[in-house]
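Accompanying notes for the structure given below.
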Amino acid sequence: MPPRSDLAGRPAAPGLAIGPVVRLAKSMAARRSSGDPMQETEDLLAAIEAAIADLATLTETAGEDGAGILEFQVAMLEDEALREPALAVIAAGAAADAAWRQAVEIQIAEYETAGEEYFQARTADLTDLRDRVLGHLAGMGDEAPPPSGAVLVAEDLTPSRFLATDWTGGGAIALAASSPTSHVAMLARSRRVPMVVGLGAAILDGGTEAIVDGSAGTVWLDPPAAAKDEFRRRRAAMEAVERAAEATVRQPAVTRGGVPIAVLINLADPAELGRIDPAICDGVGLVRTEFLFHGGGLPDEARQVAAYSRIVAWAQGRPVTIRTLDAGGDKPIPGLTVDGESNPFLGTRGIRLSLARPGPFRIQLRALARAAVHGPLKIMIPMVTVPAEMAAAGRMLDDAVAELTAAGIPARRPPLGMMVEVPAAALAIDRFVADFLSIGSNDLTQYVTAAARDTGAVADLADPGNPAVLRLIAEVAAAGARQGIEVSLCGDMAGDPAFVPALLRAGLRSLSMAPAAVARTKAAIAAADLGA
Ligand code: PEP
Ligand code: MG
């Protein structure tokens with residue numbers, strides 16, 4: 001068969017990669033969560049047993065030092081304190097992989113905030129055994145887990161499947177469907193995994209090797225030697241540009257005319273923290289807590305306090321904006337979100353869900369107020385539509401702080417801000433009372449253009465550069481200036497150099513983006529000329 005020329009899709013995460021093609025069956029791409037807690041429990045316990053067996057084999061050849069480390073890992077895997085919380089989350093309806101990830105990451109957060117070097121040094125072991133068990137879970141069924149460095153090809157991919165994959169050796173994603181604003185695309189950008197979406201059915205058959213150009217949105221199946229040479233040249237050039245940008249990534253962002261711009265990062269997964277130097281940013285502009293508690297209800301208050309405190313400690317005095325749970329829409333949480341809505345993006349999502357289910361919301365507010373004692377934490381409310389929602393959230397936060405104080409538990413009332421991502425809020429922003437604003441351009445774009453963010457067929461319409469979206473952004477920036485409150489933007493366009501000039505011209509002076517986008521965005525800011 002002659003070599004296939006490029007398949008064109010949509011760029012979803014920049015970068016260039018070459019690797020062996022691994023096609024994921026539908027069940028694999030979406031990890032075959034059976035939906036049956038008994039089956040998921042069985043799968044998790046089998047994966048833990050398989051991980052223990054691996055470690056036992058490794059111990060035989062590991063030498064004395066190595067054996068000590070592996071024995072510690074085996075002891076952790078056998079410890080009820082790790083598996084019990086995971087099993088409880090499965091019982092509440094979560095998938096085995098999501099439940100395991102959540103349980104281990106909470107433990108990692110506890111170790112990291114323990115303040116004792118011994119525990120802090122053990123977090124790498126926990127990460128290792130987390131991934132080992134996830135690897136076994138991913139490999140269950142009829143397919144082996146993809147090798148590191150593979151190009152994953154599928155119809156679509158879920159965030160949990162992405163998180164269960166080992167990306168340390170490179171690799172890329174090429175999908176027949178999906179959209180650049182899906183949550184898995186966000187994860188790919190933050191982990192620097194090149195990704196192309198909307199390639200159509202042609203990507204699903206044939207091909208053993210592929211070049212993925214996540215910046216151009218193309219995939220070359222079975223590339224000829226000339227294409228591989230060209231790939232190597234382009235990758236070397238791209239790496240040189242990245243190195244140049246990385247050299248200045250720790251310097252503050254300023255425009256060509258000397259206007260300082262705050263550059264913050266978005267966090268979707270606490271596992272990212274270990275790989276990021278806080279000196280590259282002016283703080284955290286968005287923590288997506290639904291990813292932090294991936295897929296299986298909310299952990300209890302103490303665990304949330306540990307998770308939030310860990311981010312505050314990591315930021316070393318820089319501001320950290322934590323968004324309350326934005327479940328619903330394309331981010332269902334079994335047992336919490338409302339099933340069967342005909343249009344979940346227009347349904348019980350974000351603050352609507354939090355006010356409808358005040359129990360978990362109250363626990364989250366208490367945990368945030370407790371973690372705020374450790375540094376400049378701010379709380380942000382998602383999907384606000386009317387001023388009454390902000391007022392209700394503010395009252396619940398006041399009550400939470402009062403309760404904690406009365407019980408003698410250290411707490412502080414953090415500033416309370418709102419995401420501006422619903423057109424009704426953007427158009428009437430002066431009616432709202434908030435300590436700060438952050439524009440969620442991903443949702444604002446989908447609601448203004450009436451084009452779902454996860455539907456490839458309308459992805460061209462869901463364009464954040466649409467003049468209607470840019471006009472609303474400028475109006476919100478102006479309203480913030482009038483009210484003397486900070487306005488940031490934390491949607492994906494903040495980290496896209498093509499949009500940076502327009503956002504600065506719209507009046508924004510604070511942008512929050514995926515960590516991987518910081519270097520290139522600072523470079524785009526340095527090149528931006530705002531005129532006199
Ligand atoms: C947004 O909508 O722009 C946003 C930042 O939130 P999310 O993408 O998590 O909905
Ligand atoms: Mg949003």
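Each reported figure results from applying straightforward, stated rules to the coordinates on display, with no laboratory input. These figures come from a predicted structure and were not determined experimentally. Using ideal geometry, Cβ is built from the backbone for each residue, glycine included, and neighbour counts are taken over all protein chains shown.
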Report task. For an R0 of 41 angstrom, estimate the FRET efficiency from the Cβ-Cβ distance between residue 237 and residue 431 and round to the nearest 0.05. Result -> 0.25
Query - Förster-model FRET efficiency, 45 Å R0, residue 6 and residue 342, C-beta, rounded to 0.05 - result: 0.70
Query - Longest exposed-site-free window of the chain, the sites being trypsin sites (Lys or Arg not before Pro) in a DSSP loop that have at most 15 other C-beta atoms within 10 Å - result: 257-532
Requested in this report: State the answer as a single residue: which of 19, 391, 458 lies farthest towards the positive end of the charge dipole of the chain, with beta carbon charges of +1 for Lys and Arg and -1 for Asp and Glu, about the Cα centre.
Outcome: 391
Requested in this report: Just need the relative contact order of the stretch 248-527 here, percent rounded to a whole number, with Cα pairs under 8 Å and 6+ apart.
Outcome: 19
Report task. Determine ³J(HN,Hα), in whole Hz, for all residues of the stretch 481-488 in sequence, where each value follows from phi through the Karplus function 6.51 cos²θ - 1.76 cosθ + 1.60 and θ = phi - 60°; x replaces Gly and Pro. Result -> 4, 4, 7, x, 10, 5, 10, 10
Report task. Just grab the label-to-label distance for residue 373 and residue 505, each label 7 Å out from Cα along the Cβ direction, in nm (one decimal). Result -> 5.0
Query raised in the report: Between residue 471 and residue 201, how many nm apart are label points set 7 Å from Cα along the C-beta direction?
Result: 4.1
Report summary line: The extension gain from residue 84 to residue 36, computed as 0.36 nm times the residue separation minus the Cα-Cα distance, is 15.5 nm
Report summary line: Note, the stretch 497-510: 3J(HN,Hα) by Karplus (6.51, -1.76, 1.60, θ = phi - 60°), whole Hz, Gly/Pro = x, goes x, 5, 9, 4, x, 5, 5, 5, 5, 6, x, 6, 10, 8
Query raised in the report: Along the charge dipole of the chain, Cβ charges K/R +1 and D/E -1, which of 181, 425, 361 sits furthest on the positive end?
Result: 425
Report summary line: Amide H contacts under 5 Å for residue 267, restricted to residues at least 5 apart in sequence or on another chain and with H modeled in the peptide plane, are 286, 287, 288
Requested in this report: Rounded to whole Hz and in sequence order, give me ³J(HN,Hα) for the stretch 412-425 from the Karplus expression 6.51 cos²θ - 1.76 cosθ + 1.60, θ = phi - 60°, writing x for Gly and Pro.
Outcome: 9, 7, x, x, 10, x, 10, 7, 9, 9, 10, x, 4, 6
Query raised in the report: Rounded if a/c is under 1.5, else prolate if a/b beats b/c, else oblate: with a ≥ b ≥ c from the C-alpha gyration tensor eigenvalues square-rooted, which is the stretch 258-399?
Result: prolate
Query raised in the report: For the stretch 248-527, what is the per residue volume of the convex hull drawn over the alpha-carbon atoms, in cubic angstrom?
Result: 123
Report summary line: Subtracting the Cα-Cα distance of residue 483 and residue 498 from 0.36 nm times their residue separation yields 2.5 nm
Query - Normalised contact order of the chain, rounded percent, pairs of Cα under 8 Å and 6 or more residues apart - result: 16
Requested in this report: Assign one of three labels to the stretch 376-505, namely rounded, prolate or oblate, based on the Cα gyration tensor with a ≥ b ≥ c the square roots of its eigenvalues; rounded applies when a/c is under 1.5, prolate when it is not and a/b is larger than b/c, and oblate otherwise.
Outcome: prolate
Report summary line: Length gained if residue 399 through residue 230 is fully extended, taking 0.36 nm per residue and subtracting the Cα-Cα distance, is 54.7 nm
Requested in this report: Using only the alpha carbons of the chain, determine the length spanned along each of the three principal axes and report them from longest to shortest in whole angstroms.
Outcome: 65, 61, 47
Query raised in the report: Mind checking the dipole of the stretch 197-264: about its Cα centre, +1 per Lys or Arg Cβ, -1 per Asp or Glu Cβ, Debye to the nearest 20?
Result: 440
Report summary line: Scoring only Lys, Arg, Asp and Glu (+1, +1, -1, -1) among other residues with Cβ under 12 Å from the Cβ of residue 338 yields +1
